[in-house]
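Read through the structure below, which is laid out as structure tokens, and then see the notes.
The values are calculated or read from the model by the stated rules, or taken from the named source; none is laboratory data. Computed from a predicted structure; not experimentally measured. Reconstructed Cβ throughout: ideal geometry from the backbone, glycine too, with neighbour counts over all protein chains shown.
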Amino acid sequence: MNPLGLQLLHALKTHGAREIFGIPGDFILPLFKQIEESGILPLVTLSHEPSLGFAADAAARMHCGLGVVAVTYGAGALNVVNAVAGAYAERSPLVVLAGCPGEVEAHSGLVLHHQVRHVDSQWRIFREITCDQVRLSDPATAPADLARVLRSCREYSQPVLIEVPRDMTLHPMAEVPLLPPSPFNEAAVAECADEWMARIDAAQRPVLVVDVEVRRFGLEGRVAELARRLQLPVLTTFMGRGLLAEEGVPFHGTYLGVAGAPETSALLDDSDLPMMLGAILSDSNFGVSAQRMDFRRALIAAHREARVGHHLYPNIPLAALVEALLARAPAVGQQATRTLPPAPVCPEGLVADDTPVCAADLSRALNDHIRAQGPMNIVADIGDCLFAAMELLPTPLVAPGYYASMGFGVPAGIGAQVASGQRSLVLVGDGAFQMTGWELGNCPRLGLDPVVIVLNNQTWEMIRAFQTESRCAALGDWHLAQAADALGGRGHRVHTRAQFKAALDAAFAERGRFQLIELMVPPGDSTPTLRRFSEGIRALRARAASAA
């Protein structure tokens, strides 16, 4: 039998992990030695634990496998809590390998360094933000426990915690089995699919709304086929922007409610049958509706359950339901013809003149590049940069659209390039860059060359958008392009549209070092989408307050 640590690494690879993002610490050093010496999974080290979580989350989203973080006990694991919480909220399959004390030291009678209130405080905290947990303290039971936890991570597409006691990694352990999928009631899936198809056939204005679980479970191709055969207009949620971008299915926009184009929002608001696959029913996705959305008129499948009005079907895997619907859908050419709306018009055609650059120029310039070069992997942080991403042509996108944690963008861009092998384009505001942008200093060592566009208005513009009188949103000018040169990349500080066009062309032309384009826009300026979003939210809140 191999040592426990090696069996753990083999099990991670078998279950879909492709790399480990980690920062060493004394409680997990024995496992790090096995990671490095075995070469079973490559190890990617960054500078701060939150960045590890964001990078591993993005890697999991890109390759539809498991993201893995390895951190030490207490100080390391608790530093990654926010990123793991985001992965839990947004249903990203993240495995947290956390060191912990061995049996002898845990019961030494001494308070251990990195310990909080109790030796098990780490375990108790992570129970709130993981769907399953195991401590590998018994080599006899560890294989079965690991198999269960790793299956939970894949089937629920949410984080799990694996605690690795410092003194256990060399203990012999049997191989970890790959468990079959959890059983489900196939008759219930068939009944649910029959009920869904009856509703779809009777509907006058059905619409398909797709969200992140479609990507998490590798269903984009099958869902695109379903949309074609049912002839349904396709919307993504705010979180799901970028879904089906490479599947050739007609795209009819992203639902942004009061912030979106009226004809796009009307597809869902006026639909007599929204069909929601993998959707998280969050305020960022649906709270922007001009009227309170009645989900009883919708068909909803997410998080291993399906709904039809008041009917609830528990333990329904999304993949099983999609296959059952495809089995009942008419073949292409045999269905009744539906009139589908045109695709939304995205801004493009940047005029490269001496006009000062503004936030609205970001999507125009990038759409010009996408139209000329094709889709590219885009990673966006939260803030106006994410609203700019809502204005792009269909292209793969990774972003924290629901949990909305600042600091996601740059480390996620690193994780996305590690996972895909393709260059990432990162959109980030100056406030979020100040949190985690310095991880770019690791790119020369890791051989990565993302293109990073910093929307620099010297303020937290999202805060100003919702509370314009706040002075606490001011950030000052950190001259980030100069810092990029010092970190081993190339910086471009631009003030005009012509400078922006030249910087973009130069950034995409040069490979082998990261590129940072510091887009200097005036404070108070924002994308049209963010302006509509903030104005719409203020109007909704005002109506709610007057009705109270």
Members of the range 237-264 that are at pLDDT 85 or above, in a loop (DSSP other than H, G, I, E, B) and not hydroxyl-bearing (Ser, Thr, Tyr): Phe238, Met239, Gly240, Arg241, Gly242, Leu243, Leu244, His252, Gly253, Leu256
Pairs, first closer than 7 Å to Arg497 by Cβ in the range 351-362, second part of a loop (DSSP other than H, G, I, E, B), C-beta under 8 Å, six or more apart: Val357/His495; Val357/Val521; Asp361/Leu350
Some residue of the range 114-126 being surrounded by 14 or more Cβ atoms within 10 Å (Cβ to Cβ), at pLDDT below 75 and farther than 26 Å from Ala174 by Cβ: yes
Any hit, the range 460-472, residues being of a type in the set (A, V, I, L, M, F, W, C), over 27 Å from the mean Cα position of the chain (by Cα) and modelled with pLDDT under 95: yes
Qualifying residue in the range 347-370 (condition: at pLDDT 95 or above, small (Gly, Ala, Ser) and assigned to a loop (DSSP other than H, G, I, E, B)): no
Criterion violated by Leu326 - all others in (1) surrounded by fewer than 17 Cβ atoms within 10 Å (Cβ to Cβ); (2) in contact with a Leu (Cβ under 7 Å, 6 or more places away or on another chain); (3) assigned to a loop (DSSP other than H, G, I, E, B) satisfied: (3)
Out of Val418, Val426, sole residue that is without any contact (Cβ under 8 Å) to a residue 60 or more places away in the chain and out of contact with any Lys or Arg (no Cβ under 8 Å at 6 or more places or on another chain): Val426
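Being of a type in the set (S, T, N, Q), under 18 Å from Leu427 (Cβ atoms) and in a helix (DSSP H, G or I), is that true of even one residue in the range 522-540?
The initial filter retains those residues of the range 522-540 that are of a type in the set (S, T, N, Q), namely 526-527, 529, 534.
Going one step further and asking which of them are under 18 Å from Leu427 (Cβ atoms), we end up with 526-527, 529.
Remaining after also requiring in a helix (DSSP H, G or I): 529.
Checking the range 522-540: at least one residue is of a type in the set (S, T, N, Q), under 18 Å from Leu427 (Cβ atoms) and in a helix (DSSP H, G or I).
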Qualifying residue in the range 276-299 (condition: under 20 Å from Pro400 (Cα atoms), assigned to a helix (DSSP H, G or I) and among the aliphatic types (A, V, I, L, M)): no
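Among the residues of the range 429-437, are any within 22 Å of Leu350 (Cβ to Cβ), crowded, with 24+ Cβ neighbours inside 10 Å and not basic (Lys, Arg)? Lay out the reasoning, then the answer.
Kept after step one, since they are within 22 Å of Leu350 (Cβ to Cβ), are these residues of the range 429-437: 429-430.
Now narrow it down to the ones that are crowded, with 24+ Cβ neighbours inside 10 Å: 429-430.
Filter once more, so that each one left must be not basic (Lys, Arg): 429-430.
Yes, the conditions are met somewhere in the range 429-437.
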Pair list, Cβ < 8 Å and 6+ apart or interchain, from the range 11-28 residues that are assigned by TED's automatic domain parsing to the domain that holds Val69 to residues that are of a type in the set (D, E, K, R) and buried (at least 18 other Cβ atoms within 10 Å of the Cβ): His15/Arg151; His15/Arg154; Gly16/Arg154; Ile23/Glu49; Asp26/Arg166; Phe27/Arg166; Ile28/Arg166
Search result, residues across the range 238-259 that are on the phi < 0 side of the Ramachandran plot and within 13 Å of the chain's Cα centre (by Cα): Phe238, Met239, Gly240, Arg241, Leu243
Residue in the range 324-337 that is farther than 30 Å from Ala187 by Cβ and modelled with pLDDT under 90 present: yes
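Check Leu136, Leu150 and return the single one that is surrounded by 22 or more Cβ atoms within 10 Å (Cβ to Cβ), in contact with a His (Cβ under 6 Å, 6 or more places away or on another chain) and at negative phi. Walk me through it before giving the result.
On the way: Leu136 fails: in contact with a His (Cβ under 6 Å, 6 or more places away or on another chain).
Among Leu136, Leu150, only Leu150 is surrounded by 22 or more Cβ atoms within 10 Å (Cβ to Cβ), in contact with a His (Cβ under 6 Å, 6 or more places away or on another chain) and at negative phi.
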Residues of the range 54-105 that turn out to be part of a helix (DSSP H, G or I), closer than 22 Å to Ser152 by Cβ and either β-branched (Val, Ile, Thr) or not assigned by TED's automatic domain parsing to the domain that holds Ala147 (or both), as a count: 2
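Condition first: part of a helix (DSSP H, G or I), charged (D, E, K, R) and surrounded by 18 or more Cβ atoms within 10 Å (Cβ to Cβ). Now tell me which residues in the range 200-221 satisfy that. Let's see the steps before the verdict.
Pass one, the range 200-221, residues part of a helix (DSSP H, G or I): 200-202, 212-216, 220-221.
Imposing the further condition that a residue be charged (D, E, K, R) reduces the set to 201, 213, 215-216, 220.
Across the range 200-221, the qualifying residues are Glu213, Arg215, Arg216, Glu220.
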Selection within the range 501-524 - crowded, with 18+ Cβ neighbours inside 10 Å and under 15 Å from Thr459 (Cα atoms): Glu518, Leu519, Met520, Val521
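Among the listed residues Pro444, Pro411, Pro375, Pro450, identify the single one that is in contact (Cβ under 8 Å) with a residue 24 or more places away in the chain and under 23 Å from Phe251 (Cα atoms). Please lay out each step first, then the result.
Working: Pro444 fails: under 23 Å from Phe251 (Cα atoms); Pro411 fails: under 23 Å from Phe251 (Cα atoms); Pro450 fails: under 23 Å from Phe251 (Cα atoms).
Exactly one residue qualifies, and that residue is Pro375.
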